[in-house]
Amino acid sequence: MRAYLPAYQLIVPRDLDEALGLLADGQGEWRPFAGGTDLMVLFEAGRLAHRKFFSIFGLKELRGIEEADGSVTLGALTTYAEVRRSEVLRREFPMLCQAAAETGGLAIQNRGTLGGNIANASPAADSPPALLAYDAEVELVSRGGARWVAYKDFHTGYKQTVMRADELLSRIRLPRPSQSARQFSRKVGTRRAQAISKVCFAGLAEVDDEGMLGEVRLVYGSVAPTVVRCPRTEAVLRGQTVDDALVAAARAELSRELAPIDDVRSTARYRLRVAENLLGEFLSGLRS
Ligand SMILES: Cc1cc2nc3c(=O)[nH]c(=O)nc-3n(C[C@H](O)[C@H](O)[C@H](O)COP(=O)(O)OP(=O)(O)OC[C@H]3O[C@@H](n4cnc5c(N)ncnc54)[C@H](O)[C@@H]3O)c2cc1C
């Protein structure tokens, strides 16, 4: 059932400080409204519980893509369209660009933000696997100051995060992958576009001139209450050269390590098979 519009308030703070002032009581009365692409779905369905929102979409402090020697930092309001257009992201962070290209349609990509995707904390969201594979960090700001949190520690359970009620997500920092890093990501849904993921994979591996694997990160989304890394399967691969036996050993370890969920979108059995196949595809591409 559709919500009753006059029951809601939406105001526009002048700057970040005023926005943080609205959150400062920590009671969660006021909530941020970024692109609104998740919030408006809830509103249309009559399931938007909070009544008071402030728009952060115009806050310059939360915009921009900045390059530094070891990292690239994105404002939380960076839209998918901006991710896709960014030269540095296309060159060094192709998995994030691919996730952006496969998120909704063009209207959603023009309005939906990376910060909103992270804060909304859906386990089926498409950016988190890439962000985790890149070892991202997120900055949380409040009137009390700012803190950086490793993205691996940000999601604590289904739709649960370490972000406090008085905090806004302000920036996302991506360490630049090494020259030897190879990247592969894939979203599997019911159809090729405009579908919620059944399994979403991002893999990053450093490969030296002899084909030996160094750092390996394997990340799956849409298979558990939060996005997950697979440290045991990564350990099987680290220090090895890819051949048929290693691919089989990694697939076997993954089948023991990953325990996908059954839900309305898919079954645990299907998800595990797809997850193994995606790992196999990634590793096959690493053979020298
Ligand atoms: C048709 C359609 C298709 C979609 N397809 C996909 C898809 O393929 N893949 C996918 O992952 N998602 C998809 N989405 C979901 C949505 O577009 C994304 O999650 C988007 O990134 C949300 O960003 P937003 O700025 O619109 O967030 P909003 O809707 O404005 O906010 C979402 C939540 O995050 C909070 N929030 C937002 N910004 C901040 C911040 N800076 N700090 C703290 N809290 C904040 C809000 O309070 C709210 O709780 C789709 C949505 C629609 C309607």
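The values are calculated or read from the model by the stated rules, or taken from the named source; none is laboratory data. Bear in mind the structure is a predicted one, so any value in this text is a computation, not a measurement. Glycine gets a Cβ as well: all are built from the backbone with ideal geometry, and neighbour counts include every protein chain shown. Just so you know, the surface numbers come from the protein's heavy atoms only, side chains and all, with ligands and any DNA or RNA stripped out. Shrake-Rupley method; radii C 1.70, N 1.55, O 1.52, S 1.80 Å.
Computed from the C-beta positions of S255 and A101 and an R0 of 35 Å, the FRET efficiency is 0.70 to the nearest 0.05. Expressed as a whole percent, the accessible area of the range 66-208 that falls on carbon and sulfur atoms is 45 (1.4 Å probe).
From largest to smallest, what semi-axes in whole angstrom does the chain give when each is the square root of 5 times an eigenvalue of its alpha carbon gyration tensor? Don't jump to the answer; show the numbers that get you there.
Numbers: eigenvalues 241, 91, 52 Å².
Over the Cα atoms of the chain, the semi-axes work out to 35, 21, 16 Å.
Sequentially through the range 45-62, phi angles give Karplus couplings (6.51, -1.76, 1.60; θ = phi - 60°) of 8, x, 10, 8, 5, 6, 10, 10, 10, 10, 7, 9, 4, x, 7, 4, 4, 9 Hz, Gly and Pro residues having no value and appearing as x. Compared with the dominant principal axis of the Cα atoms in the chain, helix 244-257 is inclined by about 40°.
Among the trypsin sites (Lys or Arg not before Pro) within the range 87-164, those in coil by DSSP and having at most 16 neighbouring Cβ atoms inside 10 Å are R143, K159, R164.
With a Förster radius of 25 Å, plug the Cβ-Cβ distance of R14 and A68 into 1/(1 + (r/R0)^6) and report the FRET value to the nearest 0.05. Please list the in-between numbers first.
On the way: r = 29 Å, r/R0 = 1.15.
Efficiency computed from Cβ-Cβ geometry: 0.30.
For the residue pairs K52/K159; K52/K187; K60/K187; K152/K187; K60/K198, alpha carbon separations beyond 25 Å are given by K52/K187; K60/K187; K60/K198.
Each Lys and Arg contributes +1 and each Asp and Glu -1, all at the Cβ; summed about the Cα centre of the chain, the dipole is approximately 1080 debye.
Oblate is the label for the range 136-226, because the ratio a/c of its alpha-carbon gyration tensor axes (a ≥ b ≥ c) is 1.5 or higher and a/b is not greater than b/c. Rounded to the nearest whole Hz, the Karplus-based 3J(HN,Hα) values (6.51 cos²θ - 1.76 cosθ + 1.60, θ = phi - 60°) of the range 82-93 follow the sequence 5, 4, 5, 7, 6, 5, 5, 5, 5, 6, 10, 10, with x at glycine and proline.
Assuming 0.36 nm per residue, please report the length gained on full extension of the stretch A224 to R191 beyond their Cα-Cα distance.
9.8 nm
For the peptides 234-243, 180-189, the ranking by mean Cβ contacts within 10 Å, running from highest to lowest, is 180-189, 234-243.
Computed from backbone phi with θ = phi - 60° and the Karplus coefficients 6.51, -1.76 and 1.60, the 3J(HN,Hα) list for the range 124-137 is 9, 5, 9, 7, x, x, 5, 4, 5, 5, 7, 6, 5, 10 Hz; x is used for glycine and proline. Paramagnetic label reach from D209 (point 7 Å along Cα→Cβ; backbone nitrogen cut-off under 20 Å): within the range 167-185, residues 178-182.
Per residue, how much accessible area does the range 49-175 have with a 1.4 Å probe, in Å²?
Working: 5300 Å² over 127 residues.
The answer is 42 Å² per residue.
Annotation for V264 and Q179: the two label points, set 7 Å from Cα along the Cα-Cβ direction, are 5.0 nm apart.
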